[in-house]
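K.L.:
Dropping a structure here in C-alpha cells format, bear with me for questions.
The values are calculated or read from the model by the stated rules, or taken from the named source; none is laboratory data. Predicted model, so just to flag it, every value in this text is computed and none were measured. Cβ placement follows ideal geometry from the backbone for every residue including glycine, while neighbour counts extend to all protein chains displayed.
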Amino acid sequence: MRTGMIKLIYCILGILLSIPISPEIDLDYNYEYEKNGPYTKFSDWVPYKLHKWEPKFLEDYYQLYGLKLHYGENELRRDIYFLKIGLKKRFRHPKNALCPVKDEDEYYKYRNLLFMHINLQIMRSYMRIASQFDKRHLYFYNLDFAYDLNRSFEVADGFYKEAIPYWKEAQKYADRSSEIDSDLDLGTMETERYEIITGKLDFGKIIDDHLARLDKKRNTVKEYLIQHPGANKPLLEQ
C-alpha cells in the first residue's frame, strides 16, 4: 500500500515537473498578441470609430492646397486637381466662412475673392510646371541635347498656354469683387485684387513674355536640328 502511494506521488511530481514554468511576466501583453487568438483583448471586439474627413465645400478643397518648400510636378498637379474640384463646389454657410461676413454684399465679395484667388493659384501652378520644362538660359553646350530640349519646350509651351484662361477668370472675379467697397479680413486676397485692378499685377504680360522667350529658344533648337539632322533623336541613339 505504501509502495503504491509512493509511486502515485512520484507520478504526480513528474507531471508537475514536465510543465514548463516561465519565471518572467509577459509585460508586453497589450502589444504582442494574436488578434484572433485565445487572448484577444476585449477592446478589439468594440468597433473603432473612423475619424476621416470628407471635403464637401469650396473652402474645404481650398484648404487642401499646400505647396512644400521643395516641390515637383506631382505636388503641383495634386494642387491643381483639388482646386479645380473646389471651383465646382458650393460655399460653406456664411457663419463658417474663412473670415467674418456681416451682410450679403460682403458675402458676395467673399465668394468672388475666393474664385479669383483659386484661379490665380491654378494659374501659378501651371506656370510652375511649365518652368520645370523650360530653361532660363540656353547655352551652346545645351544643344548637345537638342532633341530632348525640343520636346521639353513643347511641353512648357502647352502649360504656359493652359494658364492663360485662369488668369482671365481671375481678372473677371477681381472686377466683380471690386464692386463692394468694404474690405474683408482676407489680406492676401484683397492685395491681389487691388494689384490686378490697378494693373500692378499683370500675369497676361508675364505669360506673354515667357512664351516670347520660349519661342526664341525653340527656334534656336530647330535651326540646330536642321543643320544637324543626326541630332534629331535621343542622345543614346546618336
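K.L.:
Kindly indicate whether Phe115 is at pLDDT below 95, hydrophobic (A, V, I, L, M, F, W, C), surrounded by 15 or more Cβ atoms within 10 Å (Cβ to Cβ) and closer than 30 Å to Lys168 by Cβ. Break it down stepwise before answering.
P.N.:
Values: at pLDDT below 95: no; hydrophobic (A, V, I, L, M, F, W, C): yes; surrounded by 15 or more Cβ atoms within 10 Å (Cβ to Cβ): yes; closer than 30 Å to Lys168 by Cβ: yes.
No; evaluated as a whole, the condition is false for this residue.
K.L.:
Which one of Arg176, Arg136, Arg193 is charged (D, E, K, R), over 30 Å from Val101 (Cα atoms) and assigned by TED's automatic domain parsing to the domain that holds Ala97?
P.N.:
On the way: Arg176 fails: over 30 Å from Val101 (Cα atoms); Arg193 fails: over 30 Å from Val101 (Cα atoms).
Of Arg176, Arg136, Arg193, the one residue that is charged (D, E, K, R), over 30 Å from Val101 (Cα atoms) and assigned by TED's automatic domain parsing to the domain that holds Ala97 is Arg136.
K.L.:
Residue by residue through the stretch 97-133, note down the ones that are more than 22 Å from the chain's Cα centre (by Cα), assigned to a helix (DSSP H, G or I) and over 16 Å from Glu190 (Cβ atoms).
P.N.:
Within the stretch 97-133, Glu104 is the sole residue that qualifies.
K.L.:
Among residues belonging to the stretch 66-92 that are at pLDDT 90 or above and basic (Lys, Arg), point out the one that is farthest from Phe133 (Cα to Cα).
P.N.:
Per the criteria, the residue is Arg92.
K.L.:
Report, by residue number, each residue of the stretch 134-153 that is in contact (Cβ under 8 Å) with a residue 60 or more places away in the chain and assigned to a helix (DSSP H, G or I).
P.N.:
Taking the stretch 134-153 as the starting set, the residues that turn out to be in contact (Cβ under 8 Å) with a residue 60 or more places away in the chain are 134-135, 138, 143-150, 153.
Of everything in the stretch 134-153, those that are in contact (Cβ under 8 Å) with a residue 60 or more places away in the chain and assigned to a helix (DSSP H, G or I) turn out to be Leu143, Asp144, Phe145, Ala146, Tyr147, Asp148, Leu149, Asn150, Phe153.
K.L.:
Does at least one position in the stretch 216-233 carry a residue that is under 25 Å from the mean Cα position of the chain (by Cα) and farther than 25 Å from Tyr110 by Cβ? Full working, then the answer.
P.N.:
Here is the first cut: in the stretch 216-233, the residues under 25 Å from the mean Cα position of the chain (by Cα) are none.
Scanning the stretch 216-233, I find no residue that is under 25 Å from the mean Cα position of the chain (by Cα) and farther than 25 Å from Tyr110 by Cβ, so the answer is no.
K.L.:
Here are some conditions: (1) touching a residue at least 60 places away in the same chain (Cβ under 8 Å); (2) hydroxyl-bearing (Ser, Thr, Tyr); (3) within 23 Å of Leu58 (Cα to Cα). Tyr166 meets all but one. Which one does it not meet?
P.N.:
Going through the list (1) touching a residue at least 60 places away in the same chain (Cβ under 8 Å); (2) hydroxyl-bearing (Ser, Thr, Tyr); (3) within 23 Å of Leu58 (Cα to Cα), Tyr166 breaks only (1).
K.L.:
Here's another thing I want to ask about it. Which residues, taken from the stretch 65-87, are part of a loop (DSSP other than H, G, I, E, B) and closer than 14 Å to Leu114 by Cβ?
P.N.:
Tyr65, the sole residue that qualifies.
K.L.:
Return yes when Phe140 is surrounded by fewer than 22 Cβ atoms within 10 Å (Cβ to Cβ), of a type outside the set (Ser, Thr, Tyr) and farther than 23 Å from Tyr62 by Cβ and no when it is not.
P.N.:
Details: surrounded by fewer than 22 Cβ atoms within 10 Å (Cβ to Cβ): yes; of a type outside the set (Ser, Thr, Tyr): yes; farther than 23 Å from Tyr62 by Cβ: yes.
Yes.
K.L.:
Quick one: count up the residues across the stretch 159-199 that are of a type in the set (S, T, N, Q) and closer than 30 Å to Leu214 by Cβ. Step through it out loud before you land on a result.
P.N.:
Keep residues of the stretch 159-199 that are of a type in the set (S, T, N, Q), which gives 171, 177-178, 182, 188, 191, 198.
Okay, now just the ones that are also closer than 30 Å to Leu214 by Cβ, so 171, 188, 191, 198.
So the answer is 4.
K.L.:
So, of the residues in the stretch 207-238 that are touching a residue at least 24 places away in the same chain (Cβ under 8 Å) and among the aliphatic types (A, V, I, L, M), which turns out to be surrounded by the most Cβ atoms within 10 Å (Cβ to Cβ)?
P.N.:
Going through the qualifying residues, I end up with Val221.
K.L.:
Follow-up question, since we're still on this one. Kindly indicate whether Ala174 is under 24 Å from Glu73 (Cα atoms) and either assigned to a helix (DSSP H, G or I) or touching a residue at least 60 places away in the same chain (Cβ under 8 Å) (or both). Full working, then the answer.
P.N.:
On the way: under 24 Å from Glu73 (Cα atoms): no; either assigned to a helix (DSSP H, G or I) or touching a residue at least 60 places away in the same chain (Cβ under 8 Å) (or both): yes.
Answer is no for this residue.
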